[in-house]
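Nothing in this text is a laboratory measurement; each read-out follows from the coordinates by a stated rule. Everything numeric here is computed off the predicted structure, so don't read it as measured data. Note that each Cβ is placed from the backbone with ideal geometry, even for glycine, and that neighbours are counted across all protein chains shown.
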Amino acid sequence: MISKEDGIRGFYIAGWKSGKHIFSRTWWETEYDPMLLSSLMTSLEMMALNLTSEQVNLIALENSRFFFKLDKESQLLFILTTGLSKSTAKYYAYLDYLSKYFLEHYRPVLTESTVSALVLEEQTEKRIATIVDTFVDHWEKAEKNLIEVKVQDVLEIYSLFFSTIIMKCLDEQTRRSYWSYITQVLQDNPLSTNSADSLLMVLPGIVNYEELGVSSLEYEFMLKRLNKILRSLVVLAKQVHSPEHYQSMFFQHIVPMIQLEHQRLKTYQLNDLLVMHLL
């Protein structure tokens, strides 16, 4: 059973522009009126976008937190209320899971006009509540599934950066000269205690992770190895280029990748770590 102090307390869906309450499910007695909460949180989101063009992702109060996800296409705002657990990345992942489930099933009937007047049928509301209840009740199972999603995402992110460095920051002659070295770096850093769990190079230099058994990888161990590989590739790129040339390639090729992967990097708190190794 989830503790009240650090677990999920409630899940809400609101019309972004209308502030209309569409759905709510709570697991602990709270003082939050779903109608007022929907109206207040959508107003805050709208104000943030108007003032700064940035979305509100998290509001922290003295004893609780509010996580937000805005889907502009459907004009829906998804809100997760929790205790003060330190694992913000975990709750972002949970909110992402719950919002995607809803959108997969109801996006075809959602437009701006229907959202403002959307009222879920009783059976539909019960079905969503059951899904959300099942998700929360099976906390450990959900945690395991989300850890696998996290491992898969982080593997993909790092593989994209590896491939970008190899293909964009090293010219063809350098790749040929250092091909054995690059391959050896990957082989010397298996992502688990099993030496077979290594990233593979696929010509002409794309790093492949798809053959790895995600469920067998321990996240912290894997992340250390990925960062070691990244450092080795960056050292190579800096070795064959002048500081000015590497800096130029960093802004030309690496920065766009950071921008492209901004949301996932933020979700898994990898921004500072990656930039530290890449600079």
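What the table below lists for this structure:
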item: Under 19 Å from the Tyr181 label point (7 Å along Cα→beta-carbon), backbone N, the stretch 230-263; result: 230-247, 249-250
item: For the stretch 63-68, Karplus couplings with θ = phi - 60° (6.51, -1.76, 1.60), whole Hz, Gly/Pro x; result: 10, 7, 10, 10, 9, 10
item: Packing-based ranking, highest mean first, of 160-166, 68-74, 47-53 given that Cβ atoms within 10 Å are counted; result: 160-166, 68-74, 47-53
item: Karplus-derived 3J(HN,Hα), 6.51/-1.76/1.60, for each residue of the stretch 155-168, Hz, glycine and proline x; result: 4, 5, 4, 5, 4, 5, 5, 4, 5, 5, 4, 5, 8, 9
item: Relative packing of peptides 93-101, 13-21 - highest average C-beta neighbours within 10 Å first; result: 13-21, 93-101
